[in-house]
1. Given the condition farther than 29 Å from Pro117 by Cα, open to solvent by 50 Å² or more (accessible area, probe 1.4 Å) and either within 21 Å of the chain's Cα centre (by Cα) or at pLDDT below 90 (or both), answer yes or no: does some residue in the range 9-30 qualify?
2. Among the numbered conditions (1) modelled with pLDDT of 60 or more; (2) within 19 Å of Ile193 (Cβ to Cβ); (3) exposed (fewer than 13 other Cβ atoms within 10 Å of the Cβ), tell me where Ala306 comes up short.
3. Could you please find all residues in the range 69-117 being polar (S, T, N, Q), modelled with pLDDT of 95 or more and out of contact with any strand residue (DSSP E or B) (no Cβ under 8 Å at 6 or more places or on another chain)?
4. Please verify whether Glu275 is free of Cβ contacts under 8 Å to residues at least 60 places away in the same chain and under 18 Å from the mean Cα position of the chain (by Cα), treating the condition exactly as stated.
5. If I ask for residues that are of a type in the set (Val, Ile, Thr) and either assigned to a strand (DSSP E or B) or touching an Asp or Glu at 6+ places or on another chain (Cβ under 6 Å) (or both), which ones from the range 178-196 would you list?
6. Take the range 87-131 and flag every residue that is open to solvent by less than 20 Å² (accessible area, probe 1.4 Å) and more than 20 Å from Asp167 (Cα to Cα).
7. Name, by its number, the condition in (1) open to solvent by 20 Å² or more (accessible area, probe 1.4 Å); (2) of a type in the set (Val, Ile, Thr); (3) under 14 Å from Lys55 (Cα atoms) that does not hold for Val139.
8. When His256 is evaluated against the numbered criteria (1) open to solvent by 50 Å² or more (accessible area, probe 1.4 Å); (2) under 19 Å from Thr194 (Cβ atoms); (3) touching a Ser or Thr at 6+ places or on another chain (Cβ under 7 Å); (4) at pLDDT 95 or above, which criterion, by number, is the only one it fails?
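The values are calculated or read from the model by the stated rules, or taken from the named source; none is laboratory data. Since the model is a prediction, treat every value here as computed from it, not as a measurement. For neighbour counting, all protein chains shown are included, and Cβ atoms are generated from backbone atoms with ideal geometry for every residue, glycine included. Side chains are part of the model used for accessible areas, which takes the heavy atoms of the whole protein and leaves out ligands, DNA and RNA. Shrake-Rupley method; radii C 1.70, N 1.55, O 1.52, S 1.80 Å.
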Amino acid sequence: TKLGSGGSGAVYKGELETGKLVAIKKALMPGDGDNKEFLNEVMILTQIHHKHIVKLLGCCLETKTPLLVYEYASNGTLADHLHQTSKNGYVMGWDRRLAVATQTAEALSYLHRAASPPILHRDVKAANILLDDNWDAKVGDFGVSRLIPDGEEYISTAVQGTVGYLDPEYFQTLQLTDKSDVYSLGVMLVELITSLKPVDTHHRDPQFSNLALLFIHHMKEGSLEEIIDPRNFETMSHEQAWRIRSSMVDVASLAHRCLALAGHDRPSMMEVEHELHENSRKLHATRFEDVLEESIALLQSRVAGAVIMENNEYVIHSDSPEMDGSKIYGISTQLLR
């Protein structure tokens with residue numbers, strides 16, 4: 001019944017006498033390493049409570065090998081669904097991806113602003129976002145999390161985290177801040193858009209084995225469309241595709257700011273949460289006609305041309321060779337320039 005393993009131990013599926021399913025983390029055996037991360041997680045999780053943070057149901061600390069008991073997340077991790085083929089063929093759609101991103105940002109914003117003292121997760125990644133019965137996010141694995149003393153903006157500490165998600169400023173200065181979590185979440189947002197792994201040395205050009213670098217390159221080139229996960233648009237109408245592309249471009253813009261090299265150029269986690277909530281509201285509430293009219297006006301102001309319906313598709317006619325003949329529902333990457 002082993003579900004996975006990490007630096008502080010292995011996680012198993014278990015069942016209580018009541019029939020309730022739980023996840024049980026078994027700490028490393030003495031001699032194989034210490035249990036500082038395990039005990040740190042107990043300290044953190046007993047101080048916080050949020051609907052999108054995994055619940056600690058109990059613990060057993062008096063035995064030679066300590067155990068932690070959590071609520072069970074029946075749908076695995078976000079990484080499972082982005083980077084592997086689901087056993088039942090389920091593909092997570094953009095609506096659900098955006099919801100998971102928003103819920104994750106909400107939980108992290110709570111840690112940064114509402115917890116006292118503030119808590120830095122320090123290992124935000126898709127593998128640490130659990131999905132419950134309703135596919136809602138539960139942020140887990142607080143083994144390397146740190147508390148920030150009130151009034152302090154950072155703590156000096158040795159680098160810990162996961163390659164591909166690690167804040168380059170933290171790596172260089174050894175100063176951990178709330179913007180380090182923002183950077184890691186930015187990488188996760190790119191994963192949600194592309195379904196690509198944070199690090200891939202086998203299937204990508206070596207200079208772009210790091211997903212953040214690949215993403216920034218395509219943003220600069222105005223070629224985001226080349227790395228978007230095409231499964232988001234299968235069997236969709238033009239209206240649905242337009243809505244989703246518009247939403248994804250907004251999230252891409254947010255991710256780009258989260259990945260700024262300097263922490264002071266990144267948004268706060270509260271700002272990230274707000275923008276994702278607003279994006280979700282627009283995705284579900286805005287009428288397609290309103291989006292279309294707004295977009296056509298913007299495009300015409302940019303290219304001094306005309307947007308004409310041809311064969312049930314809106315096509316740009318412009319003196320600009322870059323824009324002429326472009327179809328409106330696929331033009332989002334051009335706007336990034």
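1. yes
2. (2)
3. If the condition is that a residue be polar (S, T, N, Q), modelled with pLDDT of 95 or more and out of contact with any strand residue (DSSP E or B) (no Cβ under 8 Å at 6 or more places or on another chain), then Thr102, Ser109 are the ones that fit.
4. Spelling it out, Glu275 is indeed free of Cβ contacts under 8 Å to residues at least 60 places away in the same chain and under 18 Å from the mean Cα position of the chain (by Cα).
5. Hit for the range 178-196 is Thr194, nothing else.
6. Residues satisfying the conditions are Met92, Trp94, Arg97, Leu98, Val100, Thr102, Ala115, Leu131.
7. (1)
8. Result: His256 fails condition (3) only.
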